[in-house]
Amino acid sequence: MRLYALCDRDALRSREVDLENFVEIVKKHNGEIIQYRNKHDDIAAIKNDLITLRALWDGFLIINDYYELIPFCDGVHIGQEDLYAIDTNPLRAITILKTAIGNDKIIGLSTHNLKEIEIANALDINYIGLGAYRATVTKSEAKVLGESLDELASHSKHPVGAIGGVNMDDIFKHVTYHVIGSGLLE
């Protein structure tokens, strides 16, 4: 199992876990990637958290959505809505994003079904997030793929991170990363 840790600021606050303790948990589980997600703070607070994480974490650091903060991390993860907000043509959207962040940065894209995976296969990105595997508190509106997630993952030409209710002991054949957020805090 390769760990891609989701650092959700709201989840950390609700469990009274600071960034330093979160990074220690990720290190204990040999995590490779931390994605920082913050849907409620202003950009200055998000930037400060990224600076703190970078000081604590030597692995890959990915920002969720805020690609304008790319100088403070190694890449960006965007959702389907974010992709199409950049441009209605996904190929153009990724070209625009790469121009904005630089070709040496990582790009991840959320996917939820075979059609989105097939579109992602034509894009110059580094990985896809696929899910949700199970329903979660933070993503309760997500469509649950369940056991079909692994079969869908087999259609991706990019490495796949299984998202949404994934546990460390889940077994997949076609998934590269277990993306785990609040499950690390339990």
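The condition of being in contact (Cβ under 8 Å) with a residue 40 or more places away in the chain and open to solvent by 10 Å² or more (accessible area, probe 1.4 Å) holds for only one of Leu185, Leu145, that being Leu185. All conditions in (1) modelled with pLDDT under 95; (2) in contact with a Pro (Cβ under 7 Å, 6 or more places away or on another chain) hold for Leu123, with the sole exception of (1).
Annotation: Glu16 fulfils all but one of (1) part of a loop (DSSP other than H, G, I, E, B); (2) open to solvent by less than 70 Å² (accessible area, probe 1.4 Å); the unmet one is (2).
When the residues of segment 33-65 are filtered to those that are at pLDDT 95 or above, open to solvent by less than 80 Å² (accessible area, probe 1.4 Å) and part of a loop (DSSP other than H, G, I, E, B), the one that is farthest from Gly108 (Cα to Cα) is Asp41. Would you check if there is a residue in segment 89-98 being at pLDDT 95 or above, of a type in the set (Gly, Ala, Ser), over 23 Å from Ser182 (Cα atoms) and in contact with a helix residue (DSSP H, G or I) (Cβ under 8 Å, 6 or more places away or on another chain)? Yes, segment 89-98 contains at least one residue that is at pLDDT 95 or above, of a type in the set (Gly, Ala, Ser), over 23 Å from Ser182 (Cα atoms) and in contact with a helix residue (DSSP H, G or I) (Cβ under 8 Å, 6 or more places away or on another chain). Is it the case, given these coordinates, that Ala120 is open to solvent by less than 50 Å² (accessible area, probe 1.4 Å) and under 18 Å from Ile180 (Cβ atoms)? So Ala120 does not fit the description; no.
Condition check ((1) open to solvent by 10 Å² or more (accessible area, probe 1.4 Å); (2) among the charged types (D, E, K, R); (3) within 23 Å of His174 (Cβ to Cβ); (4) touching a residue at least 24 places away in the same chain (Cβ under 8 Å)) across all residues:
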residue	(1), (2), (3), (4)
Gly31	yes, no, yes, yes
Tyr67	yes, no, no, yes
Asp82	yes, yes, no, no
Pro90	yes, no, yes, yes
Gly102	yes, no, no, yes
Leu114	yes, no, yes, yes
Gly131	no, no, yes, yes
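For Gly75, the conditions (1) of a type outside the set (Ser, Thr, Tyr); (2) without any contact (Cβ under 8 Å) to a residue 40 or more places away in the chain; (3) under 30 Å from Glu147 (Cα atoms) all hold with the exception of (2). Among Ser156, Ser182, Ser110, which is among the hydroxyl-bearing types (Ser, Thr, Tyr) and more than 19 Å from Ile63 (Cα to Cα)? That would be Ser156, the only listed residue that is among the hydroxyl-bearing types (Ser, Thr, Tyr) and more than 19 Å from Ile63 (Cα to Cα).
The values are calculated or read from the model by the stated rules, or taken from the named source; none is laboratory data. None of these values were measured; they are calculated from a predicted model. FYI the Cβ positions are ideal-geometry reconstructions off the backbone, even for glycines, and counts take in every protein chain you see. For accessibility, only protein heavy atoms count, side chains too; no ligands or nucleic acids. Shrake-Rupley method; radii C 1.70, N 1.55, O 1.52, S 1.80 Å.
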